[in-house]
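Novice: What follows is a single structure, and I will ask about it in a moment.
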């Protein structure tokens, strides 16, 4: 399920296809995932309430249980800033950050620079596969 809480026309069907491909690729069939697209104000509130952190972040992942893999909350305002800074399209940046959040639901962590680099490479690798498959 994808919930779009931002005032922007986002191709949620493409995001759903990527989520479906992700679940198949990582052998997570019959799992449910919730994706929410929010603004800076909402991500700040969630970041403070659940992680006791100040400010915005691009993604927060909340692991689920047996049937529900979890929930990924994405700050669309932050995605737009990151896309511009990194010279990416907003569409690609959104997909990449969503995959990053999905990897967190599988237990991937990015606490160290080595783990972060490994996770970024895996996200890029998966996204190349998914986007090639969905052409």
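The values are calculated or read from the model by the stated rules, or taken from the named source; none is laboratory data. Every value quoted in this text rests on a predicted model; they were computed, and no experiment measured them. Positions of Cβ are backbone-derived with ideal geometry, glycine not excepted, and every protein chain shown enters the neighbour counts.
Novice: Looking at the stretch 110-133, can you tell me whether even one residue there is touching a strand residue (DSSP E or B) at 6+ places or on another chain (Cβ under 7 Å) and crowded, with 20+ Cβ neighbours inside 10 Å?
Specialist: no
Novice: So, in the stretch 90-114, of the ones that are assigned to a helix (DSSP H, G or I) and out of contact with any helix residue (DSSP H, G or I) (no Cβ under 9 Å at 6 or more places or on another chain), which residue ends up farthest from residue 25 (Cα to Cα)? Walk me through it before giving the result.
Specialist: To start, the set of residues in the stretch 90-114 that are assigned to a helix (DSSP H, G or I) comprises 90-105, 113-114.
Pick out the ones that are also out of contact with any helix residue (DSSP H, G or I) (no Cβ under 9 Å at 6 or more places or on another chain) and you get 101, 105, 113-114.
On the way: 101: 15, 105: 14, 113: 25, 114: 23 Å.
Top of the filtered list is 113.
Novice: Now for a different question. State all residues of the stretch 51-63 that are in a loop (DSSP other than H, G, I, E, B) and either under 15 Å from the mean Cα position of the chain (by Cα) or surrounded by 18 or more Cβ atoms within 10 Å (Cβ to Cβ) (or both); if no residue qualifies, say none. Don't jump to the end; show me each part of the working.
Specialist: Step one: of the stretch 51-63, the residues in a loop (DSSP other than H, G, I, E, B) are 52-58.
Matches in the stretch 51-63: 56, 57, 58.
Novice: Mind counting the residues in the stretch 23-50 that are under 23 Å from residue 80 (Cα atoms) and either out of contact with any helix residue (DSSP H, G or I) (no Cβ under 8 Å at 6 or more places or on another chain) or assigned to a helix (DSSP H, G or I) (or both)?
Specialist: 11
Novice: Which of the numbered conditions does residue 117 fail, given that it passes all the others? Conditions: (1) closer than 17 Å to residue 22 by Cβ; (2) out of contact with any helix residue (DSSP H, G or I) (no Cβ under 9 Å at 6 or more places or on another chain); (3) at pLDDT 90 or above.
Specialist: (1)
Novice: Residue by residue through the stretch 66-93, note down the ones that are surrounded by fewer than 22 Cβ atoms within 10 Å (Cβ to Cβ), closer than 19 Å to residue 4 by Cα and touching a strand residue (DSSP E or B) at 6+ places or on another chain (Cβ under 7 Å).
Specialist: Passing the criteria: 70, 71.
Novice: Under 7 Å by Cβ, and 6 or more places apart or on different chains, what pairs join a residue from the stretch 73-90 that is over 10 Å from residue 43 (Cα atoms) with one that is assigned to a helix (DSSP H, G or I) and modelled with pLDDT under 90?
Specialist: The qualifying pairs are 79/90; 80/90; 83/90.
Novice: Same structure, new question: Pick from 4, 8: which is without any contact (Cβ under 8 Å) to a residue 60 or more places away in the chain and either in contact with a helix residue (DSSP H, G or I) (Cβ under 7 Å, 6 or more places away or on another chain) or over 16 Å from residue 96 (Cα atoms) (or both)?
Specialist: On inspection, the qualifying residue turns out to be 4.
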